[in-house]
1. Kindly report, to the nearest 10 Å², the accessible surface of D50 as traced by a 1.4 Å probe over protein heavy atoms only.
2. Looking at the chain, send over the antiparallel percent of its DSSP beta bridges, to the nearest 5.
3. Kindly provide the helix-only [θ] at 222 nm of the chain, computed as the sum of -39,500 (n - 2.57) over DSSP H runs of four or more divided by all residues, to the nearest 500 deg cm²/dmol?
4. Quick one: Kirkwood hydrodynamic radius for region 53-135, alpha-carbon pairs, angstrom, one decimal?
5. If the cut-off is 23 Å between C-alpha atoms, which lysines fall inside it for K90, apart from same-chain ones fewer than 8 positions away?
6. What is the Cα convex hull volume of region 1-53 when expressed per residue in Å³?
7. Scan region 27-77 for trypsin sites (Lys or Arg not before Pro) in coil per DSSP, keeping those whose Cβ has at most 16 other Cβ atoms within 10 Å, and list them by number.
8. So if we plug the beta-carbon distance of A207 and K156 into 1/(1 + (r/R0)^6) with R0 = 30 Å, what FRET efficiency do we get, rounded to 0.05?
Amino acid sequence: TCVGHSREELHQIADRIHADGFRNVMTLRGDPPKGSTEFSAQPGGLQHADELVSLLKERHPDFCLGVAGYPEKHPEAPSAEADLENLRRKVESGAGFVTTQLFFRQRGLLRLCRALPQGGGSRYPIVPGIMPVLSLKQIQRFTTMCGASLPAQLVKRLEAAGDQAEVMETVGIDWALTQIRDLLAHGAPGYHLYILNRAKSALALAAGLAA
């Protein structure tokens, strides 16, 4: 991330990662440091993710760089079109693939796919980010932070689970399974799971997809 680093420090980090044999790198602007509400660049540092992509690609051209995409707009973007323009700028700076923020409605992913060139020799894999819901309060907090929306049908099912944690987890995993199956059926190159270090949900999804 750009957080807390000067350009020279980012060069050193890139060199160390490259020397250790890594070639696939996720590049993000990053969230404001704890206690801050707005992002500000470090003196001599970078302000945006596209700048980080350019810096890393120039330093090590063989890096394959991933960037973030927001199916429902980055919460700091002034408009949907400005958000898509930011994504296009990251791709044009040298990114090789896009991993999305979590979402629960497939139409958001279509928005990103339409924004990037997908023909004529140019194709940027867009990897959908899926979060299996484990708690209604938790997911409401997360979606507020990242700008994603919760479908009314999903909220209704989670509310019906009440305080039964296992039932709520089952609802969340079932919704995620349906999402993933539909995405793969329509050509998604894979999927990224946001599991918050909860391996149980990832294992349940893997078992469900293998069934």
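1. About 30 Å², rounded to the nearest 10.
2. Details: 1 of 13 bridges.
Roughly 10 percent of the DSSP beta bridges within the chain come out antiparallel.
3. Numbers: 8 runs with 99 residues, N = 211.
Dividing the helical sum by the residues of the chain leaves -14500 deg cm²/dmol.
4. Hydrodynamic radius (Kirkwood, Cα only) of region 53-135 equals 13.5 Å.
5. K57, K73
6. Details: hull volume 3.9 nm³, N = 53.
Expressed per residue, the convex hull around the Cα atoms of region 1-53 is 74 Å³.
7. Numbers: sites: R29, K34, K57, R59, K73; in loops: R29, K34, K73.
Passing both the DSSP loop test and the Cβ count: K34.
8. Working: r = 26 Å, r/R0 = 0.86.
Approximately 0.70, to the nearest 0.05.
The values are calculated or read from the model by the stated rules, or taken from the named source; none is laboratory data. Just so it is clear, the model here is predicted, and its values are computed rather than measured. Counting neighbours? That spans all protein chains shown, and the Cβs are built from the backbone with ideal geometry, glycine included. To get the accessible areas, we keep the full protein, side chains included, count just its heavy atoms, and leave off ligands, DNA and RNA. Shrake-Rupley method; radii C 1.70, N 1.55, O 1.52, S 1.80 Å.
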